[in-house]
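The values are calculated or read from the model by the stated rules, or taken from the named source; none is laboratory data. This structure is a prediction, so every number in the text was calculated from the model and none was measured. Counting neighbours? That spans all protein chains shown, and the Cβs are built from the backbone with ideal geometry, glycine included.
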Amino acid sequence: MTTGTNQTPLPVIERLIRVTRKGPVHVLLGLVGLLWLLPSIGLLVTSFRTRSASSQSGWWTAAWEGGWTLDNYDTILSSSGEGLPPPGFAKALWNTVIITVPSTILPVIVASLAAYGLVWMNFRFRNTIYLGIVAMLVIPLQVTWVPVLKLFNTLDLTGSFNGLILAHTAYGLPFAVFLLVRGFSEVPRSLIEAARIDGASHIQTFRKIVLPLAMPVIISLTIFQFVWVWNDLMNALIFVQDVNKFPLTISIRNLLGQYGNEWHLLAAGAFVSMVVPLIVFLSLQRFYVRGLTAGAVKG
């Protein structure tokens, strides 16, 4: 047996894990989390307060001062949208769903196929193509808006959902491929080689081996892409010029211009816009960290 003096010291990661199990650290992390949640809590409380209550006192006084109402959400989500900037908040919410769902699915599918090819298929200039894709990550989106808009004008895509969906797909692909290449490279090579010996095609290997094992990183990418597209403002302003097709982000901006002092309506609109990505994130959060750490530690 080894004595306590010459025992092998614990790895740094294990020591950090032991420290984080202690009560004071949990309390500190809870306080930090509460501080991060305070703006969202204030937004939620304000969204349920009347105009007079929200203008006369802060949201933290709502517990004893009252002034609760559901009229803010009724006004925001009214099907007629009367009194609200076009296209109306309910219509803008539906427009956002129409834009976000395909703009999330398309880059995930394309990036999954591209990442599989870059990791598990041998062809000329494979590394060069991958480096070119990674290099696109450093190109600011702003420098592409003018040429892409001219191209869309030529193809008659400006002002349509299809044009904005294509733009989001193209802009999201470099990061999507980069993330999935790191995740797919973690699949054991022995499994891929065994599948090839058994006569499996690339499509079969992709569907039955790579996709199930890389699902955490794929779901992490889905969360990233969904939240980014849902909250996007600038691309929608540039590529969607039809007021009837404006998403939530533009609708909230217009709401801010028309109801600059109507904080109760602004809070209700902002909370509606954030609740959907919040639900998506919370429902898939168990895959999130696993997906982000894929490829971070080798060996």
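For the range 207-222, enumerate the residues that are of a type in the set (A, V, I, L, M, F, W, C) and crowded, with 21+ Cβ neighbours inside 10 Å.
The answer is 210, 214, 217, 218, 221.
Condition (residue is out of contact with any Asp or Glu (no Cβ under 9 Å at 6 or more places or on another chain), farther than 22 Å from residue 77 by Cα and in the same structural domain as residue 137 (by TED's automatic domain parsing)) applied to the range 241-256: is it met by at least one residue?
There is at least one residue in the range 241-256 that is out of contact with any Asp or Glu (no Cβ under 9 Å at 6 or more places or on another chain), farther than 22 Å from residue 77 by Cα and in the same structural domain as residue 137 (by TED's automatic domain parsing).
Filter the helices (runs of 4 or more DSSP H) completely within the range 212-291 down to those with at least 3 residues that are modelled with pLDDT under 90.
Fully inside the range 212-291 and qualifying: 215-230, 248-258.
Going through 63, 90 one at a time, which residue ends up being among the aliphatic types (A, V, I, L, M), surrounded by 15 or more Cβ atoms within 10 Å (Cβ to Cβ), over 30 Å from residue 210 (Cα atoms) and free of Cβ contacts under 8 Å to residues at least 24 places away in the same chain?
From the options 63, 90, the qualifying one is 90.
Let me spell it out: the conditions are (1) touching a residue at least 12 places away in the same chain (Cβ under 8 Å); (2) out of contact with any strand residue (DSSP E or B) (no Cβ under 7 Å at 6 or more places or on another chain), and residue 212 meets all of them except one. Which number is the exception?
So residue 212 meets the others, but not (1).
For the range 155-206, what are the residues that are over 23 Å from residue 127 (Cα atoms), under 24 Å from the mean Cα position of the chain (by Cα) and surrounded by 19 or more Cβ atoms within 10 Å (Cβ to Cβ)?
163, 164, 165, 166, 167, 168
Scan (1) out of contact with any Ser or Thr (no Cβ under 9 Å at 6 or more places or on another chain); (2) free of Cβ contacts under 8 Å to residues at least 24 places away in the same chain for the single condition residue 111 breaks and write down its number.
(2)
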